[in-house]
1. Largest first, please: the extent of the C-alpha atoms of region 289-458 along each principal axis, to the nearest Å.
2. By the scheme Lys and Arg +1, Asp and Glu -1, what is the net charge of all other residues having a beta-carbon under 13 Å from that of Val418?
3. State in Å² the accessible area per residue of region 200-283; use a 1.4 Å probe, count heavy atoms of protein chains only, and round to the nearest integer.
4. According to a simple spin-label model (label point 7 Å from Cα along Cα-to-Cβ), what is the distance in nm between Arg148 and Val168?
5. Can you list which of the GluC sites (Glu not before Pro) found in region 294-362 are DSSP loop residues with at most 16 other C-beta atoms within 10 Å?
6. Given N residues in region 200-283, what is its alpha carbon radius of gyration divided by 2.2 N^0.38 Å?
7. Considering the Cα positions of region 335-378, please state its Rg to one decimal place and its Dmax as a whole number of Å.
8. Can you tell me what percent of all Cα-Cα pairs in region 367-427 are more than 13 Å apart?
Amino acid sequence: MSIRRKLFSLLVLLMLAWPVPVAAQSGGPGQPPVHIVQWGETMFSIARRYGITVDALTHANGIPDPRRIYVGQRLLIPGPSVLADAWTVHVVRPGESLKAIARQYGLAWWTVALANRLLNPQLLSAGQVLRLPVGEGRAPHGALHTVRPGETLMAIAFHYGASLWDLVGANGLANPAVVLPGQYLLIPGERPSWIPAPFESLDLGPLPVRQGQALRVAVRTEEPVYLEGTLFDRPLRFAEEGGVYYALVGVHAFTEPGLYELTLVATGDGGEQAAVSVGVVVEEGGYGYERIDVPPGRTNLLDPVLVAAERERLEAVRNLFTPLRRWHGPFLRPVEAAISSYFGTRRSYNGGPYNSYHAGVDFDAGMGAPVRAPADGAVVLAEPLTVRGNAVVLDHGWGVLTGYWHLSSIEVAVGQEVQTGGIIGRVGSTGLSTGAHLHWEVWVGGVSVSGLQWLSASYPWSDLEATGTP
Ligand SMILES: [Zn+2]
């Protein structure tokens, strides 16, 4: 029996995606969005963030030297492919759909999606600002093509059966001999195919993601599929909830900032396959440096053999994946105390090299203070360890686990179910610790991430609760 396999591949470099970062604003009616240059940004990083070329950004702003920009400078962000004589701005009202808005302005819904770089056209929020092409010669219909290295305009025109001059005209190219890798081109007359069937939508957040954060991938499909995916050369593990496939990916604190490719492959009942790739931008976490001095007599705890043995013990639970999500909304703070050391800080022990980092958040809590479960979960580890002292690990589902080190006492047992706010142990200073504190870790997909993202102030996935299942 032969199985017909269709493999579509499409590179959608949607680096900005939605929500729009704080620095981006609407430039007002009739104007494209404006980006206000932040400290540390370059033309390259800004262009990358919006999925456009440095050339396009330089040209749109009439900048003579792209190396010379200043903090606070306002840059017009040119649209990636939707060309228009003029733009208008529409503020989304509660309950409005993309299709209804597009109809109101006589536009195709995907033109609006493209012009606003919406990753998930089904999710609009009230108050969101959309820019819409208006006026003569507006919104040419067509497919989006991303120029690959070495490609010429002639080759692209040939590939789509379009004329060279159609492409020049549709994209307002000044010089047809110059197209740059990564540049977007509108192919007039082609059916937009930026997400192949059976994929319906792809929603990633937060974007851009920072070192040490967790990224949520939500995939909707027209029909149930077997879904596989990879990011950072690691397989994604999906859980299905309410007809949506979710995967959480931990971004390692040492992941090089840059552009990474997320690939998804859906396999249907008949074995037919479709693939989609999306660019994911990882940004610098902005973590600091600190030197830790271990008291004499405790330095033996840094013995590499001991450290490795203990790491191996934790590996046994680190990659657990329970398909049932047990947390709902932001996590509770595990102890009522101030933070004394943040996640991600590069560390040197006794003056050695800064080749390790702080994999958790330290709370400056007093000896014996109660440590509480931040969310519902199951105890998967509860035992004394040499370096980490008395340790507890909770499994909250979907590959999300939390760890509690240096406890003076453990008050739960492996296999026990805990409820949000339930006491699991007491703050202490056991193991490699210089004083009473709680070291709290959050693991996502086997990778240590910052616990702060999971606390209410910066919890990024409240929409999961809004649109989720009962
Ligand atoms: Zn710590």
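1. That gives 43, 31, 29 Å along the principal axes, largest extent first.
2. Neighbourhood net charge equals -2.
3. 37 Å²
4. About 2.5 nm separates the two model spin labels.
5. Listed in order of number, the matching sites are Glu336.
6. The value comes to 1.09.
7. 13.8, 40
8. Roughly 54 percent, once rounded to a whole number.
The values are calculated or read from the model by the stated rules, or taken from the named source; none is laboratory data. The structure displayed is predicted, hence computed values, not measured ones. In this analysis, Cβ positions are derived from the backbone assuming ideal geometry, glycine residues included, and neighbour counts consider all displayed protein chains. Remember, those area values only see protein heavy atoms, side chains included, never the ligands or the DNA or RNA. Shrake-Rupley method; radii C 1.70, N 1.55, O 1.52, S 1.80 Å.
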